[in-house]
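Student: Here it is, the structure in full.
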Amino acid sequence: MRKTIIELKQADLTLGNAAASVHVLKNIDLAIAQSESVGIIGPSGSGKSTLLMVLAGLERLDSGEINVNGEPLHRLGEDALADFRGKNIGIVFQSFHLIANMTALENVAVPLELANVRNPFDIARKELQAVGLGERLDHYPGQLSGGEQQRVAIARALAPSPAVLIADEPTGNLDVETGRQIADLLFAKQAERGMTLVLVTHDPVLAARCSRQVRVASGRIAADVANDEKQPERQPA
């Protein structure tokens, strides 16, 4: 039996103040196992992206517990949380979030350097080669295609060898074919390294590639189904 790598207990979160406040997450319980791939799906405004940010340690709960890789994130101070996140959680965003005046190599290496990791540029070079960008190390984001920029972002997320890889609409800004290539890369790296992958997506094809789908509706988990348990769609007569 695989160990639980992420666990939420009675997770509750309200965003905004007074009349503008929104009860985004409502007493959510969720457990995700090591090496599992989980697609979080649901309509816009359902709370799925906020849930992902909580799992990534980027949003604080109002109440409840979140444990990631054995660490109670709800008890950590800001500095300890940032340190834990940098070593244990890789994050890939829809809009890449690369620094425009840094090369691909620098975008991957500088976060490692700031975290006092040894040989950050050697690690960055290796990770960029691993995502197929060995010939683009000295290119700036503006000189790269959208797919190449997302590969840099993936290399940056993978560089600390995290236990958990979080992806928020990782193919949302890409055309269909490039998006498929990026999805292939994410799942290949997850399998190769034994990481836990949690992603938010509107794409049913991408969600179906995960081992499990969690549907969020109105701030609650409406369904939690292993993909191999899903019933095949009926074919028209």
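The values are calculated or read from the model by the stated rules, or taken from the named source; none is laboratory data. Keep in mind that this is a model prediction, so the values were computed, not measured. When we count neighbours, we look across all protein chains shown, and the Cβ atoms used for this are built from the backbone with ideal geometry, even at glycine. Areas reflect the complete protein model, heavy atoms only, side chains present, ligands, DNA and RNA absent. Shrake-Rupley method; radii C 1.70, N 1.55, O 1.52, S 1.80 Å.
Student: Identify, by number, the condition in (1) surrounded by fewer than 19 Cβ atoms within 10 Å (Cβ to Cβ); (2) touching a residue at least 12 places away in the same chain (Cβ under 8 Å) that residue 131 doesn't meet.
Tutor: Result: residue 131 passes all but (1).
Student: While we're here: Consider residue 222 carefully, then state whether it is touching a Lys or Arg at 6+ places or on another chain (Cβ under 7 Å) and modelled with pLDDT of 95 or more.
Tutor: Spelling it out, residue 222 is indeed touching a Lys or Arg at 6+ places or on another chain (Cβ under 7 Å) and modelled with pLDDT of 95 or more.
Student: Return the residues of the range 1-30 that are surrounded by fewer than 17 Cβ atoms within 10 Å (Cβ to Cβ) and touching a Lys or Arg at 6+ places or on another chain (Cβ under 9 Å); say none if nothing qualifies.
Tutor: Passing the criteria: 12, 26, 27, 29.
Student: Select from the range 111-129 the residues that are at pLDDT 95 or above and either within 20 Å of residue 174 (Cβ to Cβ) or assigned to a helix (DSSP H, G or I) (or both) and list them in ascending order.
Tutor: Matches in the range 111-129: 120, 121, 122, 123, 124, 125, 126, 127, 128, 129.
Student: Quick check on my filter: what residues within the range 130-165 are touching a strand residue (DSSP E or B) at 6+ places or on another chain (Cβ under 9 Å) and polar (S, T, N, Q)?
Tutor: If the condition is that a residue be touching a strand residue (DSSP E or B) at 6+ places or on another chain (Cβ under 9 Å) and polar (S, T, N, Q), then 150, 161 are the ones that fit.
Student: Let me spell it out: the conditions are (1) without any contact (Cβ under 8 Å) to a residue 40 or more places away in the chain; (2) among the small types (Gly, Ala, Ser); (3) on the phi > 0 side of the Ramachandran plot; (4) open to solvent by less than 20 Å² (accessible area, probe 1.4 Å), and residue 124 meets all of them except one. Which number is the exception?
Tutor: Among (1) without any contact (Cβ under 8 Å) to a residue 40 or more places away in the chain; (2) among the small types (Gly, Ala, Ser); (3) on the phi > 0 side of the Ramachandran plot; (4) open to solvent by less than 20 Å² (accessible area, probe 1.4 Å), the lone unmet condition for residue 124 is (3).
Student: Could you tell me whether any residue of the range 172-191 is at pLDDT 95 or above, among the polar types (S, T, N, Q) and part of a loop (DSSP other than H, G, I, E, B)?
Tutor: Among the residues of the range 172-191, not one is at pLDDT 95 or above, among the polar types (S, T, N, Q) and part of a loop (DSSP other than H, G, I, E, B), which makes the answer no.
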